Amino acid sequence: MRNRLAVATTLLASTALACAALAAPAGASPVPNTAHQPAKHHFSAAAESFVGANTVQERVAKLDAAMATLPTESKLYNATTLWNAGITGAGTSVATLVSFGDDKAKAVLDAYSTAHGLPPADLSVISPSGSVPACTDPGVDTATCQSWGGETDLDITMMHAMAPNAKIIIAATPVAETQGFTGLPEMMNAVDYMTQHKLADVISMSFGTTEENFPTFDSIKTLDPALKRASKAGVTLVASSGDDGPTGGELYGSATYPYRVASWPASDPLVTSLGATQFHLDSTGARTKPDDVVNVRDNGFGSGAGLSKVYDRPSWQNGVKKATGSTMRSFPDISMEGIHGTSQSSPLFAGVLALAVQANHGRLGQINPALYNTLGPKGTKAGIIDVTTGDNSQSGVTGFTAAKGFDTVSGWGTIDASVFVPALIKALK
């Protein structure tokens, strides 16, 4: 860990980054009335259920209630086939980037693992952007902090359930990420720290804010350098696509925009963005029909998806330009189970990528070119399972509809890990 002077210097740099962004030239939406406090992070109901759960036992009970199907997901995605071949994530490291974290996370995950036949977790917590306050400290919104604790526990449990022998890192920051810039400089500082110290092979980001909530569209790109450095170092970045369907939360209050918007970092081409699909299972845990897109009618929210107003279509998406009908970056890229939001699908996929890192005997780096140029077009031969049903219309905003092949709402679809992992490694060679 760095000394206090280094931490202070980093925090000053993060503050300078935010201030520079606030002063950036006009290039997007008008700056709203800053007399109001920014809206709080948009948590899933599962994460919010942890508010008031103070003991390890209470938090494990919340995990069990929220993730009743989680122990079987490794089978449903055929990760267990890889486990049987010795691919369990051993020797790899996967991180979740969160505000506040959970000081009881190790005990919570170990208790959950014991109850569900998983090995004890190799887990560590770092706070590279400064000391993390307790949820009851003065000036800390306790409910927000405890919801972040729930998000943390959910993230690490999904990673562990998919890659049981991977080392898990919780990178906790001391400032709550909200709509807009708040908290994001500290998070990007944490990304830089993990890159510089070679801590994580995969970083999962279960958060996001609407592009319109930044001071200008151009200001968003001031956050990219940390992601670029991580990607250059071979770190694979994954992020949740959002839980407001085709729209997203406004900067102030609880309303969503009355038109299509995009969520950052999911809209960033440096990131592999995860949408949400849902299982349909019988009493034995077997699929009764193909997975489809999570939608507001079934779950109260829709999987985030859309077209960036900030990032041009990357060259690796040129092959799907007819499907997107746009010159801008389309997201998500791929989807996994997300009945509790895309903050579920992102860590699940991060766990799958940990399996791939082990099988590859090294980091994967940016996987989107391989996903679009090789794996997606091959379909089931590359472990890509097409999602052809569902849409994400929400809050009066018309969304996107799943279709055969690539579509904006589910990306390429979902995966069969037992085929996807070896196909990905081959495509990256």
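Values computed for the structure shown
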| quantity | calculated |
| --- | --- |
| Selection from segment 210-232 of residues that are in a helix (DSSP H, G or I), touching an Asp or Glu at 6+ places or on another chain (Cβ under 8 Å) and among the polar types (S, T, N, Q) | Asn213 |
| Residue among Ala255, Ala323 that alone is more than 30 Å from Ala95 (Cβ to Cβ), surrounded by fewer than 20 Cβ atoms within 10 Å (Cβ to Cβ), among the small types (Gly, Ala, Ser) and at pLDDT below 95 | Ala255 |
| Among residues of segment 250-294, those that are in a strand (DSSP E or B) and either in contact with a Cys (Cβ under 7 Å, 6 or more places away or on another chain) or of a type outside the set (Lys, Arg) (or both), counted | 13 |
| Some residue of segment 341-353 being surrounded by fewer than 22 Cβ atoms within 10 Å (Cβ to Cβ) and over 18 Å from Leu270 (Cα atoms) | no |
| Among the residues listed as Thr247, Thr195, the single one being polar (S, T, N, Q) and either buried (at least 24 other Cβ atoms within 10 Å of the Cβ) or assigned to a strand (DSSP E or B) (or both) | Thr247 |
| Test: residue in segment 88-95 that is under 22 Å from the mean Cα position of the chain (by Cα), touching a residue at least 24 places away in the same chain (Cβ under 8 Å), crowded, with 18+ Cβ neighbours inside 10 Å and closer than 16 Å to Glu151 by Cα | yes |
| Candidate set from segment 302-313 (those that are touching a helix residue (DSSP H, G or I) at 6+ places or on another chain (Cβ under 9 Å) and in contact (Cβ under 8 Å) with a residue 40 or more places away in the chain); member that is surrounded by the fewest Cβ atoms within 10 Å (Cβ to Cβ) | Lys309 |
| Hits in segment 133-152 (condition: in contact (Cβ under 8 Å) with a residue 24 or more places away in the chain and either of a type in the set (Gly, Ala, Ser) or closer than 22 Å to Leu237 by Cβ (or both)) | Ala134, Ala143, Ser147, Trp148, Gly149, Gly150, Glu151, Thr152 |
| Residue list for segment 233-244, filter: outside any loop (DSSP other than H, G, I, E, B) and either within 14 Å of the chain's Cα centre (by Cα) or without any contact (Cβ under 8 Å) to a residue 24 or more places away in the chain (or both) | Thr236, Leu237, Val238, Ala239, Ser240 |
| Meets criteria (of a type in the set (S, T, N, Q) and surrounded by fewer than 20 Cβ atoms within 10 Å (Cβ to Cβ)) for Thr414 | no |
| Pair list, Cβ < 7 Å and 6+ apart or interchain, from segment 114-132 residues that are of a type in the set (Ser, Thr, Tyr) to residues that are in a strand (DSSP E or B) | Ser124/Ile169; Ser127/Ala172; Ser129/Thr173 |
| Scan of segment 283-294 for residues that are at pLDDT below 95 and under 20 Å from the mean Cα position of the chain (by Cα), ordered by number | none |
| Unique residue being within 21 Å of Asn54 (Cβ to Cβ) and surrounded by 23 or more Cβ atoms within 10 Å (Cβ to Cβ) when the list is Val140, Val108, Val125 | Val108 |
| Residue that is nearest to Pro377 (Cα to Cα) [pool: residues in segment 390-408 that are crowded, with 20+ Cβ neighbours inside 10 Å and out of contact with any Pro (no Cβ under 8 Å at 6 or more places or on another chain)] | Phe406 |
| Single residue of segment 261-281 satisfying the filter (out of contact with any Gly (no Cβ under 7 Å at 6 or more places or on another chain) and β-branched (Val, Ile, Thr)) that is nearest to Asn295 (Cα to Cα) | Thr272 |
| Condition check for Gln344: more than 24 Å from Ser315 (Cβ to Cβ) and among the polar types (S, T, N, Q) | yes |
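Conditions (1) closer than 15 Å to Asp64 by Cβ; (2) in contact with a Gly (Cβ under 9 Å, 6 or more places away or on another chain), marked per residue:
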site	(1), (2)
Leu97	no, no
Phe100	no, yes
Leu109	yes, no
His116	yes, no
Pro120	no, no
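The values are calculated or read from the model by the stated rules, or taken from the named source; none is laboratory data. Here the structure is a predicted model, which means the values were calculated and not measured. All Cβ positions, even for glycine, are placed from backbone atoms using ideal geometry, and neighbour counts span all protein chains on display.
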